[in-house]
Amino acid sequence: MDETKVAEISPAEWEVMRIVWTKNGAYSRDLIDMLQDKRQWSASTVKTLLRRLVNKGMLETTREDRRFKYNATVSESTAMNTTAEQLFDNLCAMKRGTTLLDLVANTTLSQGDIAALQAKLAEKAKSAPEHIECDCLPDDCEC
């Protein structure tokens, strides 16, 4: 998998990718059936989404006999991390912490996730600055 490229993808394309990642690749007919069951999408809608994801470089297709198999070219964790990083790059630097707090408050987390977060926060606390400066406007921010 090419871990360096992650295209911007729509919510519908994320649905397709999540199935491909979960199944570690899938045949077009299986994807159509699963998405028709889950979202009531037509076969042509699923085929359009697959074509878009191939064109964006997120999926690759191989022909096996008379069937087409789709495999991800980017891992799920890379796609999620890159997308989150791109989002956070668009936020004011001094408001990223508040956004993370809101995400944690509104996300169901396992005991293991919570322990890992606590450990990472304890580690970051050792070198964290007292204050994060706004990076929206140079020398003219009223945040």
### Task
Give me the distance between the Cα centres of the range 90-121 and the range 16-78, rounded to whole Å.
31 Å
### Area of Y70 that stays accessible when all protein chains are in place (1.4 Å probe, Å², to 10)
30 Å²
### Query
If you take the charge dipole of the chain about its Cα centre, with +1 on Lys and Arg Cβ and -1 on Asp and Glu Cβ, which of Y27, A72, G97 is farthest toward its positive end?
Y27
### Query
Bin by bin, in steps of 10 Å, what percent of the Cα pairs in the chain do you find, going until the bin that has the longest distance?
10, 29, 26, 21, 11, 3, 0
### Task
Sequence neighbours fewer than 8 away in the same chain don't count; with that in mind, list the lysines whose C-alpha is under 24 Å from K69.
K5, K23, K38, K47, K56
### Task
Work through the residues other than F68 whose Cβ is under 13 Å from its Cβ and net out their charges, Lys, Arg +1 and Asp, Glu -1.
+3
### Task
Return one whole number: the accessible area per residue of the range 1-90 in Å², for a 1.4 Å probe.
62 Å²
### Task
Please sort through the DSSP H helices of the chain and keep those with an alpha-carbon extent of at least 15 Å along the long axis and a Kyte-Doolittle average not below -0.5.
11-23, 43-55, 111-125
### Task
Name the residues whose placed amide hydrogens come within less than 5 Å of the amide hydrogen of L59, ignoring near sequence neighbours (fewer than 5 apart) on the same chain.
V54, T73
### Query
Could you give the length gained on full extension between A116 and D89, defined as 0.36 nm per residue of separation minus the Cα-Cα distance, in nm?
7.4 nm
### Task
Mind listing the long-range amide H neighbours of G25? Cut-off is under 5 Å, sequence gap 5 or more, other chains count too, H placed in the peptide plane at 1.01 Å from N.
A72
### Query
What's the carbon and sulfur percent of the range 35-89's accessible surface, probe 1.4 angstrom, rounded to a whole number?
45 percent
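The values are calculated or read from the model by the stated rules, or taken from the named source; none is laboratory data. If you're wondering where the values come from, they're calculated on a predicted model, not measured in any experiment. Quick reminder, even Gly has a Cβ in these numbers, built from the backbone with ideal geometry, and neighbours come from all protein chains shown. The area values use the complete protein model at the heavy-atom level, side chains included, leaving out ligands, DNA and RNA. Shrake-Rupley method; radii C 1.70, N 1.55, O 1.52, S 1.80 Å.
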